[in-house]
Amino acid sequence: MTGQSIGSGSTLPSVSRPDSIRPKAAISAQFVAPHSQRRACDVLQVDRSSVRYLSRRGAEVEESVHWGRETMVLPASHGLQANHCRAKDGPNQRWSLYFVSDTRTDGPRFRIVAGVDDFSRETLVLVAVTSLSGQRVARELDRVIAERGTPKTIVSDADTEFTGMAILKWVQDRGIDWRYIAPGKPQQNGVIESFNGKLRDECLNETLFGALGDAREMLEKWQEDYNWYRPHSAVANLTPMEFLQGKAMNKMAA
């Protein structure tokens, strides 16, 4: 077993269960404590056997190395193996989420919820908060959905903020397939892993934050640069917004 999902509908491969069941609503079972799992299934009226598993081979590897806004594109023969199991049909097919932590200069830690559209590599959410709950995650996702529509699939690790009742109910209400990667297997969500490496190397490790407001301001600027001015090898060395605009124009011309 390498992962699991909650919700309905998916574009990702899954390992068949012995009885080949494909439940419409699948609630996370492996990474949620047994009593929490039972409670979630009782509240949502879902059979506890309704579990699916996510199987992904290899890591999605960016074929470029960044220093600030300079980009060196590596040839395909460089030896990096890219995972071709990604959203190819358009935006909102799959979003990837992750948490990042950092520390203010006066000591207190804060957390950042980061989200990326796998198709365009657009940064969807990048918000710093002192404490993060499932309700706050749901609010941030609703804000993004209001601007750009509902994703078919969301992939994350199994942090408690992603497996609590608030997210379980939110997923059921919106009909989204939420999938968890296996513990200790960040390569199963290589898109967000690559993004987080850039975020830490180019922003968090290079900046001292005296207050939470400073972090939010810097993250907003970095997100704008990442979406509008940073070319990405995964999207034909275009910026995410250029890539989306090109796809939209091609669709109109077809």
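Since every read-out is calculated from the coordinates, none of them should be taken as a lab result. Not measured: the values here are computed from a predicted model. Note that we place each Cβ from the backbone using ideal geometry, even for glycine, and neighbour counts take in every protein chain shown.
Size descriptors for region 162-254: radius of gyration and Dmax over Cα atoms are 17.4, 51 Å. What the phi angles of region 168-174 give under the Karplus curve with 6.51, -1.76 and 1.60, with θ = phi - 60°, is a coupling list of 4, 5, 4, 5, 5, 5, 9 Hz, glycine and proline written as x.
Computed packing ranks the peptides 222-231, 162-171 as 162-171, 222-231, most packed first, by mean other Cβ atoms within 10 Å. Ordering of 197-208, 233-244 by packing is 233-244, 197-208, highest average first (other Cβ atoms within 10 Å, averaged per residue).
To the nearest 20 Debye, how big is the dipole of region 180-254 about its Cα centre, given +1 on the beta carbon of each Lys and Arg and -1 on that of each Asp and Glu? Please list the in-between numbers first.
On the way: 8 positive and 10 negative charges, 83 e Å.
Using Cβ point charges on Lys, Arg, Asp and Glu, region 180-254 gives about 400 debye.
What is the sum of charges, Lys and Arg at +1 and Asp and Glu at -1, for the other residues whose Cβ falls under 14 Å from the Cβ of THR130? Value of the local net charge: +1.
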